[in-house]
1. Which of the residues spanning segment B:353-403 are more than 10 Å from every other protein chain (Cβ to nearest Cβ), among the hydrophobic types (A, V, I, L, M, F, W, C) and over 28 Å from residue B:68 (Cβ atoms)?
2. Considering only residues that are open to solvent by 10 Å² or more (accessible area, probe 1.4 Å) and under 18 Å from residue A:244 (Cβ atoms), which ones fall in segment A:304-315?
3. For the condition in contact (Cβ under 8 Å) with a residue 24 or more places away in the chain and at positive phi, what is the one hit in A:116, A:107, A:162, A:153?
4. So which residues in segment B:88-106 are hydroxyl-bearing (Ser, Thr, Tyr) and within 14 Å of another protein chain (Cβ to nearest Cβ), if there are any at all?
5. Go through segment B:306-382 and tell me which strands (runs of 3 or more DSSP E), entirely inside it, have 1 or more residues that are aromatic (Phe, Trp, Tyr) and either open to solvent by less than 10 Å² (accessible area, probe 1.4 Å) or assigned by TED's automatic domain parsing to the domain that holds residue B:289 (or both).
6. Please enumerate the residues belonging to segment A:408-421 that are part of a loop (DSSP other than H, G, I, E, B) and touching a Lys or Arg at 6+ places or on another chain (Cβ under 6 Å).
7. Select from segment A:157-173 the residues that are over 30 Å from the mean Cα position of the chain (by Cα) and open to solvent by less than 80 Å² (accessible area, probe 1.4 Å) and list them in ascending order.
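The values are calculated or read from the model by the stated rules, or taken from the named source; none is laboratory data. No experiment lies behind these values; they were computed from the predicted model shown. Cβ atoms come from the backbone with ideal geometry, glycine included; neighbour counts cover every protein chain shown. Ligands, DNA and RNA are excluded from the accessible area calculation, which covers all protein heavy atoms including side chains. Shrake-Rupley method; radii C 1.70, N 1.55, O 1.52, S 1.80 Å.
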Amino acid sequence: MQEKTIADSSYNFAVDSTGSGVAADHVGHQFDLTEAAGGVATNPLRAGLQMDRMPDPCVMVIFGVTGDLTARKLMPSLYDLAIGHPLPEGFSIIGVSHRDWTDDDFRAQMRAAVERGARTPVTDEGWNLFAQGLFYVKGDFDGEETYTRLRERLEQVDTERRAHGNRLFYLATAPRFYAPIIEHLGSSGIGHRQDIYYDNQAGWNRVVIEKPFGRDINTARQLNAEIGSVFSERQIYRIDHYLGKETVQNVLAFRFANTLFEPVWNRQYVDHVQITVAESLGVEERAGYYEDAGALRDMVQSHILQLLAVIAMEPPALFNGNALRDEKVKLLRAVVPPSRDDLMTKTVRGQYDEGFMSGRRMAAYRDEKGVRQGSKTETYVAMELEIDNWRWAGVPFYLRTGKRLARRVTEIAIQFKQVPHLMFQSIGDVDLSPNVITMRIQPDEGIALKFAAKVPGPTTQLRPVRMDFLYGSSFGDSGPDAYERLLLDAMLGDPTLFARRDEVETAWSLMQPILDGWQDMALPVYPYESGSWGPAKSDSMLRRAGHEWRRP
Amino acid sequence: MTDKEYRNKVVVRRNWDADVVDTGHIHDEFNKMWAEVTPTRIVSGPYGEERLTGHNAPDIMRANTLNLVSVADSLEIAGMILQTISQLKDFIPSRTIIIINDPNLERPKTWHIDLQINETLTKDDSHGIQFETITIWTDQSSAGVLSSIVGPLLVAELPTFLWWPSGEFSHNAIFDDLALIADRLVFDSARLGYDAHAVADYRTLIDEPTDPIIGDFTWLRLAPWQQLIAQFFDPLATQKSLESIDSVSIAYAQDRQDHGSGFAAALLTLGWIGSRLGWEVIEPLEARKVGGWTAFMAATDSSGRAHEVQIRLTPDSTPGAKFSLRSVEIVTNDGTAGHYVIQRTDQDDLVTSSETATTPYVSRMVFSRRHSTVEMLGQELQRFGPDRVFEESIRLATQLLPE
């Protein structure tokens, strides 16, 4: 085999002379780079079926099945998938948790959860068919006997429901359980490494992991190494539900399925970009987690950097797992985090104080249940990043996220430069604000374009107008929940919308200097009123560059 | 039929009688109607915020999706069309043109024109999708006259779908004329008739390069059947036996619940299996004296050996057989016999069973709710390109029809 090797710090990619690719991860395991090609692909009756995204029969094992995520998101999404028909005959779920439940208890609890959360109305008949495939295994995540019982149950379900050994492990637990679960899956032989998993005689194994993927660069690397010691990168699906949202995927369609926008999507025309992920809720019941995380770890490192990547990356050659993620990683590697000297001027930390929202007085973060006295945890972050590449050099990217802000909104705004020459100035009364393309992720998903228009009449009067394209007023029902899409993708072996190891580690490597700097330099955490748009310091950060935050 | 029966409301409506249809006048009326329904907008202007309404609020963007044209030969069908469209959830035509061809019009030789802007109702009573409906009621059956009206009323640059809800279309001049301006035809072959000769009309729809792309509700109904048939042969152990299928027997509803027939569904299923597996027709369908049809096809395995596959289509008139297919049974023989069956037991469930020399008998009930017309039309409206598998299935299916 003639090898061409492209080496970087984490990966060695090799392309053989036939064009098929293999890659080696950081510990030298090789994994296949060709896209998933399950055995079913050779079934001629499968070719071109309208519902061709049907996964292989499989068993999904959910660790932490008694938790909030399973009840609120996973089980309703799985029920919707099952009733909507893309799940295979014999699809089964084994829940694992420490509670003393029987299969019937588990089914009853899950029915209640599905009735609360599913899009599809629950009928007795539909539920009974779905519930036939629900099983429960009681046990501690760190107890060897749990995995003995799980293996027995899996073998039984494989035989009775013909899952062919295909298994999707979903870690819906607290992050501290990730390592022991992975280790036990490996040592018990339930989960095993598959470098080339399309050789599915023994069935495939995949593992889905919820964020946070570590709490800093070191713990992220450690977690990746622990998972990587049992599973190959091709088997690991790191879920960031933002990527499953229709509107995030539509950013890709907007940019790369239209010729209109891409020519102006660069430093020559774009003045700056603002990404806002604002929450109106406070910390609610998550103080325990949030106190140790803060807004930067909770939102910026994952969701916001993902949004940044899809809005700024180069066009991928293909819409598939590696092509898309290669471009995202390339982009993230070009991002320049603020230097230690710039931390004061290019990052702002804030924490919500008392204030009013919808006429109600809201408590300060420090007075919330579970928050440490005198907590310095940030509930608001704003920062300016630069992207050091040909396309974006010199264009500031402003990111902000916060809790208890004036309204819940996630949007990306591309503000364009002013026209080079204002011929209308001689006429006098003009208001030429620059063009802005706004992509709203939630709520009121859509795209808006602001431009100047002449007011009808004998005088030349210009005013900015805004064209709004709302998904809800054009395409009817919103599509499936992000979890539905991502769960189906994981079963199908499509990693496109999941975060790859190098993507996660690159994101952490961008945030780490900021985290370290904040800690070392003890930068202030500015209070802001609940119901406002964040601390005034954040406004002054933009004002220095002649910009201002949008009011979404 | 009242507006209350719809899941939408009429936001604004105009109607009038005329001796000629002035399409320019219809466009003008729609512009006025949209101005009426445009909500007040607050924008920033040179003198601060301005409240703009109606014509002065041009910054609302309607993202148009597609044109839908449909022809009804009775008020009942027209009502069904309007009701179906108003219940669509995913993809709603921006403009629907319904032609009611009624020879018993109260005032002959006049045109009754009805324009509506409708809005879908959402669960929380917030604003839904707004769409236009043009209903033209006439006793003029001249194809040229009707298509000369429909053409100028289409929204430019959008795909045009022709939904033909009644079965018969061959030798129908209006159909032929409208098919020329349509990009895609949506119909239901279950309504073509009860036997092979009636379904022969299907032949007229394929292989003409000028014809629109076809979408068939019957094909959509087959999707769960196809999935379940394919699933039998997903395991590598059973995949090989696809080369040794001995017989395929399909029982279909003689009289469907909606007064159509399951014959076309049975034929398309055969066309699908045969075209996927590279079968060729040896003997086309021949009527059996006891009812139903037989045919013979040739299958060739990977080593080049050919063998005969016996086909049997059997009408089922039992009270339980109200839907397209009643059962599909596939028998394989690659030294040892394999037996694969799917049966519809009621409108929500299919039962599958299989048994081979190496795997024991397994039977399973699968939830498979039948889709409504609204759901099927919604699916069809989201498809723009041709479906190669469907086209190949029709092609082989029509070869099975007797001359």
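1. Across segment B:353-403, the qualifying residues are B:357, B:396, B:400, B:401.
2. Taking segment A:304-315 as the starting set, the residues that turn out to be open to solvent by 10 Å² or more (accessible area, probe 1.4 Å) are A:306, A:314-315.
Result: A:306, single match.
3. Numbers: A:116 fails: at positive phi; A:107 fails: at positive phi; A:153 fails: at positive phi.
Result of the check over A:116, A:107, A:162, A:153: A:162.
4. The first filter runs over segment B:88-106 and keeps only residues hydroxyl-bearing (Ser, Thr, Tyr), leaving B:94, B:96.
Scanning segment B:88-106 gives a single hit, B:94.
5. Working: elements: B:306-316, B:325-333, B:337-346, B:349-355, B:362-367.
Because the criterion is at least 1 residues that are aromatic (Phe, Trp, Tyr) and either open to solvent by less than 10 Å² (accessible area, probe 1.4 Å) or assigned by TED's automatic domain parsing to the domain that holds residue B:289 (or both), the strands (runs of 3 or more DSSP E) in segment B:306-382 that meet it are B:337-346, B:362-367.
6. Answer for segment A:408-421, where residues must be part of a loop (DSSP other than H, G, I, E, B) and touching a Lys or Arg at 6+ places or on another chain (Cβ under 6 Å): there is none.
7. Residues of segment A:157-173 over 30 Å from the mean Cα position of the chain (by Cα): A:157-162, A:164.
Hits for segment A:157-173 are A:157, A:158, A:161, A:162.
Let's see how each residue does on (1) assigned by TED's automatic domain parsing to the domain that holds residue A:111; (2) of a type in the set (S, T, N, Q); (3) under 30 Å from residue B:272 (Cβ atoms); (4) modelled with pLDDT of 85 or more:
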position	(1), (2), (3), (4)
A:23	no, no, no, no
A:29	no, no, no, no
A:53	yes, no, yes, no
A:57	yes, no, yes, no
A:66	yes, yes, no, yes
A:71	yes, no, no, yes
